Amino acid sequence: MTVETDVSVVGLPGSGKTTFLAALWHMVREDGAVTALQFDSMRKGNFEHLNTLAKRWREGSIQERTQQSGMKRVAMKLKDGAGNSTEISFPDVPGEEFSRMWEKREVDQTTAATLGAKGIVLLINGDRIQLPAWIVERNAVAAGMGLPPGDDEIVEWSADLAPTQVQVVELLQMLMSDELNVGPRRLAVLLSAWDRAEGERLTPEGLLAAKLPLLEQYLRNGRDPWTWRVWGLSAQGGIYEDPDQKQHFDDTDRLRDLARPSDRIKVVSGAYVSTDITAPIEWLVS
Amino acid sequence: MATSASTCSNPDCKVATDGKCVETYPLEECPHYGRPAVADIEPVDEQPEDSRPAVNIEPPVIALSLGEALGRAEASALQRRRASRAIGVVGPHFAGKTSLMASVYEILQEGVVAGYSFAGSSTLIGFEMICHDARAASKRPEPHTERTTVGADATFFHLDLGIGEPATIASLFIGDRSGEDYLTTADELSNAAGFFELKRADVVTILVNGEHLADAKRRHEVKASTPQLIDALVEAGSISARQRVALVLTKKDAVAASAHAERVVADFDEMVAGVVRRHGNLVTDVVPFVVAASPRIANAVKRGEGVSDLVAYWMQPVAAETPPPTQVLQMTRMIDRVVIDTEDDA
């Protein structure tokens with residue numbers, strides 16, 4: 001018997017949602033890959049979108065912006081080690097839809113319908129965490145460097161200037177609000193671009209507490225019924241090229257030189273490191 | 001269909017073949033000449049409905065909460081969800097009221113405050129708005145605070161705070177009303193009738209502008225007006241028996257940097273003693289604090305200094321949750337706090 005499960009993948013623009021789906025699809029289909037969830041069958045569905053994503057991922061090209069390609073719903077039929085089959089449906093929603101929820105305080109019903117899953121993958125780009133910074137400290141640093149006071153034009157408040165952790169907390173609060181609430185949910189927090197964030201020499205839990213303390217406090221206090229875990233995820237292993245910009249990087253070539261594309265992936269849970277990108281999904285649907 | 005000068009809208013006219021108007025007009029005067037005959041007009045196909053160009057219809061939208069400071073009814077609804085503390089904050093403009101509220105939120109952005117950690121908020125947009133002008137993203141040369149609109153109803157900033165493991169969560173509601181509105185109570189007691197946020201407050205927090213108290217010209221006005229305002233609020237019933245009172249000397253950085261730091265603290269101690277003498281037998285307790293919510297000079301004092309102590313006081317259990325506390329007047333001398341803390345930081 002196949003169990004059908006929805007998993008919502010959420011995150012702000014540039015958090016790596018589409019890259020995650022591309023790497024996941026490649027991984028479950030790569031011959032010999034050792035993963036908690038494995039590919040079961042193609043009996044149902046259309047895999048054109050996933051195949052397109054995986055092709056770009058394998059060749060080391062960055063993904064097309066989801067905003068341009070539009071929202072897609074993809075489904076994978078996977079089985080666990082005991083042979084239990086699960087069809088997991090992932091909507092590939094542009095990050096701008098989540099920004100819109102924060103900035104415009106609204107969500108269209110099409111997007112809302114994709115947010116009813118009991119399992120949520122939340123991607124946060126670990127290399128692009130925008131922290132609050134204060135004028136007084138900035139002035140002190142400038143003065144210490146002997147720089148004159150800035151005479152920039154004053155920037156009026158707008159919601160998009162909010163720190164990353166504030167926007168993410170609000171997104172999670174919205175998922176638990178009367179408008180979108182479906183009861184207790186599981187939440188896999190994936191700190192993406194881990195290859196860049198790991199220079200901090202922190203575990204994913206440590207990075208969450210150090211760089212996103214408001215989010216960590218919100219989750220740890222458990223006011224809203226999230227059952228959550230955090231992983232570090234490097235779904236590319238390094239920098240990818242933008243074909244439209246005719247980019248070429250030696251670092252991307254080094255990734256291509258690896259014996260198997262899945263060797264680019266790094267999934268970190270506590271001190272445990274693997275290439276199993278299905279582990280968070282397996283935890284979500286278990 | 002193109003028309004030409006050789007056509008006529010009169011079907012009986014043969015001008016196209018014989019060049020003469022059937023109505024004998026000179027051609028240039030004929031009202032029908034040059035117009036197409038009805039029979040020559042091509043019929044316009046009626047466009048079937050389903051072939052019309054598709055209209056891009058946006059899917060219906062679900063409105064989400066605005067996230068701004070709450071109105072009275074919204075705050076009341078949230079207060080019913082869990083144990084809560086309501087805080088009234090009274091102070092003249094520029095006393096640092098908005099900076100104090102912003103400071104609590106900004107400290108939580110970096111970690112816990114007085115052992116309390118962030119569990120949620122319905123007013124994240126509101127907090128972000130009041131924090132903006134002290135943040136580098138505003139590109140302002142120095143921190144700035146927008147004044148609360150005079151005459152507007154009070155609103156509430158909301159934080160759910162957790163303490164312990166597993167966390168015990170309580171809601172904190174901080175009332176926000178223009179300082180000028182509060183000051184009018186000293187002129188006319190009836191002006192306090194609408195201060196619902198004070199009547200429902202567990203802790204009434206009175207701000208004393210430390211920068212003004214350090215200023216020779218403003219010093220005596222601060223010393224006179226603050227006790228008079230408290231007297232008026234007590235007489236108007238806005239401060240009553242079950243409440244606790246926090247007297248907060250703000251802008252510790254300005255006090256520490258002034259040439260009159262000791263005098264400021266002595267003045268503040270005197271004001272606190274006066275409030276205790278006049279109202280100590282009415283309110284549950286009166287406790288003094290010194291804070292630097294948003295110092296203007298880095299390193300002079302720590303940003304948010306003293307705010308943790310105040311939050312801990314705000315979050316103390318209310319009478320309904322535990323037996324009423326014995327009245328404790330923490331009359332430690334403020335001079336020690338200002339001077340010693342400053343020396344430590346240096």
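Applying the condition of being under 17 Å from the mean Cα position of the chain (by Cα) and outside any loop (DSSP other than H, G, I, E, B) to the range A:208-218 and asking which residue is farthest from A:G116 (Cα to Cα) yields A:K211. When we screen A:E216, A:E282, A:E200, A:E205 for residues that are without any contact (Cβ under 8 Å) to a residue 60 or more places away in the chain, acidic (D, E) and surrounded by fewer than 22 Cβ atoms within 10 Å (Cβ to Cβ), the only hit is A:E200.
Given the criteria in contact (Cβ under 8 Å) with a residue 12 or more places away in the chain and in a helix (DSSP H, G or I), does A:Q167 qualify? Answer is yes for this residue.
Inspect all residues belonging to the range B:30-53 and state whether any of them is under 55 Å from the mean Cα position of the chain (by Cα), at pLDDT 70 or above, surrounded by fewer than 15 Cβ atoms within 10 Å (Cβ to Cβ) and not in a helix (DSSP H, G or I). Within the range B:30-53, not a single residue is under 55 Å from the mean Cα position of the chain (by Cα), at pLDDT 70 or above, surrounded by fewer than 15 Cβ atoms within 10 Å (Cβ to Cβ) and not in a helix (DSSP H, G or I). Count of the range B:166-213 residues, restricted to those that are of a type in the set (F, W, Y) and in a strand (DSSP E or B), is 1. Inside the range B:249-308, residues that are part of a loop (DSSP other than H, G, I, E, B), out of contact with any Gly (no Cβ under 6 Å at 6 or more places or on another chain) and within 20 Å of B:V90 (Cβ to Cβ) make up a count of 6. On inspection, A:D151 passes the criterion of being at the interface with another protein chain (Cβ under 8 Å from one of its Cβ atoms), more than 30 Å from B:I62 (Cα to Cα) and not aromatic (F, W, Y). If only residues of the range A:62-107 that are surrounded by fewer than 17 Cβ atoms within 10 Å (Cβ to Cβ) and touching a helix residue (DSSP H, G or I) at 6+ places or on another chain (Cβ under 6 Å) are counted, the one that is farthest from B:M129 (Cα to Cα) is A:Q67. Candidates in the range A:126-138 are the residues that are in a loop (DSSP other than H, G, I, E, B) and not hydrophobic (A, V, I, L, M, F, W, C); of these, the one that is nearest to the other protein chains (Cβ to nearest Cβ) is A:P132. On inspection, B:P60 passes the criterion of being within 58 Å of the chain's Cα centre (by Cα), farther than 30 Å from B:L233 by Cα and at pLDDT below 95. Among the candidates A:V155, A:V141, the residue that is assigned to a loop (DSSP other than H, G, I, E, B), free of Cβ contacts under 8 Å to residues at least 24 places away in the same chain and surrounded by 12 or more Cβ atoms within 10 Å (Cβ to Cβ) is uniquely A:V155. Quick one: count up the residues across the range B:115-150 that are on the phi > 0 side of the Ramachandran plot and crowded, with 18+ Cβ neighbours inside 10 Å. Going through the range B:115-150 one residue at a time, the tally reaches 1. In the range B:155-169, of all residues being more than 9 Å from chain A (Cβ to nearest Cβ) and crowded, with 21+ Cβ neighbours inside 10 Å, the one that is nearest to A:G222 (Cα to Cα) corresponds to B:L159. In the condition set (1) under 29 Å from B:P59 (Cα atoms); (2) more than 7 Å from chain B (Cβ to nearest Cβ), A:V166 is compliant with all but (2). A residue that is at the interface with chain B (Cβ under 9 Å from one of its Cβ atoms), of a type in the set (V, I, T), surrounded by 12 or more Cβ atoms within 10 Å (Cβ to Cβ) and closer than 22 Å to A:T114 by Cα occurs nowhere in the range A:176-190. Of all residues in the range B:112-154, those satisfying the criterion of being touching a Lys or Arg at 6+ places or on another chain (Cβ under 9 Å), at the interface with another protein chain (Cβ under 8 Å from one of its Cβ atoms) and either more than 30 Å from A:D151 (Cα to Cα) or part of a loop (DSSP other than H, G, I, E, B) (or both) are B:S117, B:A119, B:G120, B:E142, B:P143. Within the range A:192-210, the presence of a residue that is touching a Gly at 6+ places or on another chain (Cβ under 8 Å) and within 14 Å of chain B (Cβ to nearest Cβ) is excluded.
The values are calculated or read from the model by the stated rules, or taken from the named source; none is laboratory data. The structure displayed is predicted, hence computed values, not measured ones. As a convention, Cβ positions derive from the backbone with ideal geometry for all residues, glycine included, and neighbour counts pool all protein chains shown.
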